[in-house]
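First comes the structure, then the notes that go with it.
The values are calculated or read from the model by the stated rules, or taken from the named source; none is laboratory data. Note that the structure is a prediction, hence the values are computed from the model and not measured. For neighbour counting, all protein chains shown are included, and Cβ atoms are generated from backbone atoms with ideal geometry for every residue, glycine included. Protein only, heavy atoms only, side chains kept; ligands, DNA and RNA dropped before computing areas. Shrake-Rupley method; radii C 1.70, N 1.55, O 1.52, S 1.80 Å.
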Amino acid sequence: MNNRNFQKELDRIIERQGEQKPRVLLHSCCGPCSSAVLEYLTRYFSVTLLWYNPNLYPEAEFDRRYATQRELLEKMGLAEKVALLAEPWRHEEFSAIVKGLEREPEGGRRCTECFRLRLTECAGLAKRHGFDYFCTTLTLSRHKDEKRINALGEEIGAAAGVRWLPSDFKKQGREMRSTQLAEQYGLYRQLYCGCEYSLRKREAHSKEPAPGDRA
C-alpha cells in the first residue's frame, strides 16, 4: 500500500473502459472538495453524488454545507447531469462510532472510524443500487491520509461486494483547482473539518483561519 500510486491506478481503469462510462457513487464530504473531483470524474464516469455526513456539527453547519453542495451543482451546470442522493443529519450515528475515542487527536483513530462510517454507507448504497464503483472526495485534501482512505475503501468494498474506485484526487493540481472553483462560484468554505472535536480544536487555537487550513 505504501508505494502505490492511486492516480495511476485510476488512470488504468479509465484507459481500460474506453468509451463506456461506468456508474460511480461518489461520497462528497463538502461542496468545495467535490468541485474539482466532479469536473474530472464526470468526463469518464456517470456520477451520482452521495451526501452522507453525520459527523458534521452543529446541525446548522450540516444544513449550510448541504446547501453549498446543491449550489455548486447548479453553478457548475451539473444539476441535470449528476444526481444527488442526500441523507438527513443523523449525528447520533457518528457519536456512537466514536464513543471512547473522544480524546483522540485530529487525524487519529476517531477520524478512521468517521471515514469507515461514511464509506460503509456509500458501499452499501452502491451495492443496493447496482453501481459499478463507489468512491469519496476525501482524498482531495492534503489533510487526509489517502493511503488509509483507500485501504478502508478496498476493505469495505470487498465486504459489501462492490468495487472501490482508487483515488488520490489531490494529484494533478486538483486541490488547488477546487480552491479556484470555490472562489469562482463564491462558495462557502468551512474553517474546520466538520465534527465538534475539530471545531473545538479550531476555537482553541485561533479565531482566525490559518493560511491553507480550510477544509
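Considering region 1-96, the qualifying helices (runs of 4 or more DSSP H), each wholly inside and each with 2 or more residues that are open to solvent by 50 Å² or more (accessible area, probe 1.4 Å) and touching a strand residue (DSSP E or B) at 6+ places or on another chain (Cβ under 8 Å), run over 59-75.
Scanning region 114-134 for residues that are hydrophobic (A, V, I, L, M, F, W, C) and over 16 Å from the mean Cα position of the chain (by Cα) turns up just one, Phe131.
Residues that are basic (Lys, Arg) and in contact (Cβ under 8 Å) with a residue 12 or more places away in the chain were ranked within region 97-127; the one that is most open to solvent (accessible area, probe 1.4 Å) is Lys127.
Which one is nearest to Glu104 (Cα to Cα) among residues in region 176-207 that are part of a helix (DSSP H, G or I) and in contact with a Lys or Arg (Cβ under 6 Å, 6 or more places away or on another chain)? Spell out how you get there, then give the answer.
Just the residues of region 176-207 that are part of a helix (DSSP H, G or I), to begin with: 176-185, 196-205.
Next cut, in contact with a Lys or Arg (Cβ under 6 Å, 6 or more places away or on another chain) only: 182, 185.
Details: Ala182: 31, Tyr185: 36 Å.
Ranking the candidates gives Ala182 first.
Take Leu138 and tell me if it is open to solvent by less than 50 Å² (accessible area, probe 1.4 Å) and within 24 Å of Leu56 (Cβ to Cβ). Step through it out loud before you land on a result.
Values: open to solvent by less than 50 Å² (accessible area, probe 1.4 Å): yes; within 24 Å of Leu56 (Cβ to Cβ): yes.
It is true that Leu138 is open to solvent by less than 50 Å² (accessible area, probe 1.4 Å) and within 24 Å of Leu56 (Cβ to Cβ).
Residues that are of a type in the set (A, V, I, L, M) and over 22 Å from Tyr40 (Cα atoms) were ranked within region 164-200; the one that is surrounded by the fewest Cβ atoms within 10 Å (Cβ to Cβ) is Leu191. Return a yes/no flag: does region 149-163 have any residue that is under 16 Å from the mean Cα position of the chain (by Cα), modelled with pLDDT of 95 or more, open to solvent by 20 Å² or more (accessible area, probe 1.4 Å) and not aliphatic (A, V, I, L, M). Yes - at least one qualifying residue is present in region 149-163.
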